[in-house]
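Chemist: Before we start, here is the structure in question, set down as structure tokens.
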Amino acid sequence: MHTLLHTILNRIATGRLPLLNAAEAVTLALLPEQDNLDILAAASAARAAFGPDAGASCGIVNAKSGHCPENCAFCAQSAHHRGNAPVYPLMSEDELLRRAEELARAGVSRFGIVTSGTALDERELDSLCAAAERILRNVDIRLCGSLGMLTEERGRRLKEAGFTRYHHNLETAASHFDTICSTHDYEEDILSLRAARRAGLEVCSCGIFGLGESWEQRVELGLTLAAEGVDSLPINFLKAIPGTPLEGTPPLPPAEALRCIALMRLLNPGREIVICGGREHALGQWQSWVFAAGAGMIMTGDYLTTTGRAFAEDHAMLAALGLRAAENIGARS
């Protein structure tokens, strides 16, 4: 075992944080593949010592799709690309309630409502807040919003309507962001995270791995998230969509994808880590290994513009590992 891994395990055992500084994180990220199992073991130990229990699941709905004015290179919903994402306005209250009920029946603890575009207009925000209040009167589930750029005032409105968490991905490191998106500045995303926090919402943010970033940039992203104190890190892996600038990009190898998860855990030892879009594409038969790599939660069901795994398959995987997907149901935050 590499000496750095011994050092990390000693820090875990003694409760010494942080587990890694920037230089150590880069060293760990660049260790040879023969160290992979030891890296995963260290990340799993960090989750057991500092992180939440493993086994819960969340789900999302693409509540407003297409014609996004942002030009994110990976996104099928961008108006700048030739992706084949469906285009429709904000879903009705009835449809959002139906989706929430479906997820709750599947044992999902969090329901994320996601909308395309830079931000909702006032009419859409009013409609969504009304839908949230109706959902929470009828369904035992926690609500998360992923609604673009956020101000503190809008965040307070969402919190009053019953949302507990705001999701806003940084997507990649600041040093790599200009190659992925040029229609807004990275700092605008950071300001949205801070606005959500000031509004009293939990903050959910990470990015997509496999966008052509270096290991040093992956470390940079993990350190940024740690500095911002995000509550939850949703990890995605690129599944290249035809018609987008990144079409044809191959998936990350499973060993590399698992090391990305472990790195985020070791840089954010006490936070929730959720494995989201692209896990089927990057990990294939190795999806259950995300928990060995330090993750504690999976997103189940379909994603925004791509299909995911059936609820039953994910439940079977969790059961085989002795984990319970529905253990957080009934405890709203």
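Chemist: Where the centre of each part is set by its Cα atoms, how far does segment 129-169 sit from segment 208-256, in angstrom?
Modeler: Spelled out, the Cα-based centre of one part sits 26 Å from the other.
Chemist: Okay, moving on. Could you list which residues have their amide H under 5 Å from that of M297, counting only those 5 or more apart in sequence or on another chain, with H placed in the peptide plane?
Modeler: G55, I273, I275
Chemist: Continuing with the same structure: What are the ³J(HN,Hα) couplings of segment 147-156, residue after residue, when phi is run through the Karplus curve with 6.51, -1.76, 1.60 and θ = phi - 60°? Round to Hz, x for glycine and proline.
Modeler: 10, x, 4, 10, 9, 4, 4, 5, x, 5
Chemist: Let me ask another. Do me a favour and compute the ellipsoid semi-axes for segment 130-278 from its Cα gyration tensor, root of five times each eigenvalue, largest one first, whole Å.
Modeler: 27, 16, 16
Chemist: Next up: With θ taken as phi - 60° and the coefficients 6.51, -1.76 and 1.60, list the Karplus ³J(HN,Hα) couplings across segment 204-218 in order, rounded to whole Hz; mark glycine and proline as x.
Modeler: Computed from phi, the couplings for segment 204-218 are 10, 7, 7, x, 10, 9, x, 8, x, 6, 8, 5, 4, 6, 5 Hz.
Chemist: Does a label point 7 Å from the Cα of A49, set along Cα-to-beta-carbon, have any residues of segment 258-273 with amide nitrogen under 14 Å, and which are they?
Modeler: 265-271, by backbone N distance to the label point.
Chemist: Given DSSP loops and a limit of at most 16 other Cβ atoms within 10 Å, what is the longest stretch of the chain that contains no such GluC sites (Glu not before Pro)?
Modeler: The answer is 1-246.
Chemist: What ³J(HN,Hα) values, in whole Hz, does the Karplus curve 6.51 cos²θ - 1.76 cosθ + 1.60 give for segment 282-291 when θ = phi - 60°, with x put for Gly and Pro?
Modeler: 7, 9, x, 6, 9, 4, 5, 6, 4, 6
Chemist: I would also like to ask the following. Where does the charge balance sit around E133 when Lys and Arg score +1, Asp and Glu -1, over other residues with C-beta under 10 Å from its C-beta?
Modeler: Here the count lands on 0.
Chemist: When only alpha-carbon atoms are used, what values of Rg and Dmax, in angstrom, describe segment 51-320?
Modeler: Calculated on Cα positions, Rg and Dmax stand at 17.1, 46 Å.
Coordinate-derived values only; no laboratory data. Since we're looking at a predicted model, the values are computed, not measured. Neighbour counts are summed over all protein chains in view; Cβ atoms, including those assigned to glycine, are modelled from backbone coordinates with ideal geometry.
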